[in-house]
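Structure first, then comments.
What follows draws every value from the coordinates through simple rules; no lab data is involved. Note that the structure is a prediction, hence the values are computed from the model and not measured. Quick reminder, even Gly has a Cβ in these numbers, built from the backbone with ideal geometry, and neighbours come from all protein chains shown.
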Amino acid sequence: MSFMSFFKRPDINEGVEDWLGTEDAVLLDVRTVEEYREGHIEGSVNIPLQNIHAVKNNLPDLDKPIYVHCLSGARSAQATSVLKSMGYTNVTDIGGINSYRGKVVK
């Protein structure tokens, strides 16, 4: 890893492409329910950061690919860390939807 790659932030656009190309993957939106209703990526699952432990009820497979995003990238980083500590092995933080160039649904 180069010094500059240490500062590279996740790119949600690349992350969504990866999610779409990964069989049986989950796109996890950890924003609030209200934020999610204002606009979200079609096919995403909303579990707010404050309820992140509820993931176990919805995604019992610890090896399932999970792509995590929020608004700016801060909550997705936290959620990714928590999910890994819960035993999830294939979790990717893809950053914030505020940088997303694709279509959102309401």
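In plain terms, the chain is cut at each of the GluC sites (Glu not before Pro) found in a DSSP loop with at most 16 other Cβ atoms within 10 Å, and the longest leftover piece is 43-106. Toward the positive end of the charge dipole of segment 9-106, with +1 on the Cβ of Lys and Arg and -1 on the Cβ of Asp and Glu, the farthest Cα among CYS70, VAL104, LEU59 is that of CYS70. Length gained on full extension, SER72 to LEU20: 16.6 nm, using 0.36 nm per residue less the C-alpha separation. Taken about its Cα centre, segment 8-99 carries a charge dipole of roughly 420 debye when the Cβ of each Lys and Arg holds +1 and the Cβ of each Asp and Glu holds -1.
Note that segment 48-61 has calculated 3J(HN,Hα) couplings of x, 3, 5, 10, 4, 5, 5, 4, 4, 6, 8, 10, x, 6 Hz, one per residue in order, obtained from phi through the Karplus relation 6.51 cos²θ - 1.76 cosθ + 1.60 (θ = phi - 60°); glycine and proline are x.
Mind ranking 92-98, 59-65 by how tightly packed they are, going by the mean number of other C-beta atoms within 10 angstrom, highest first? Spell out each step's value before the answer.
Values: 92-98: 21.1, 59-65: 13.3.
Descending packing order for the listed peptides: 92-98, 59-65.
Karplus-based coupling profile of segment 17-25, in residue order and whole Hz: 4, 4, 4, 4, x, 10, 4, 6, 7, with θ = phi - 60° in 6.51 cos²θ - 1.76 cosθ + 1.60 and x standing for Gly or Pro.
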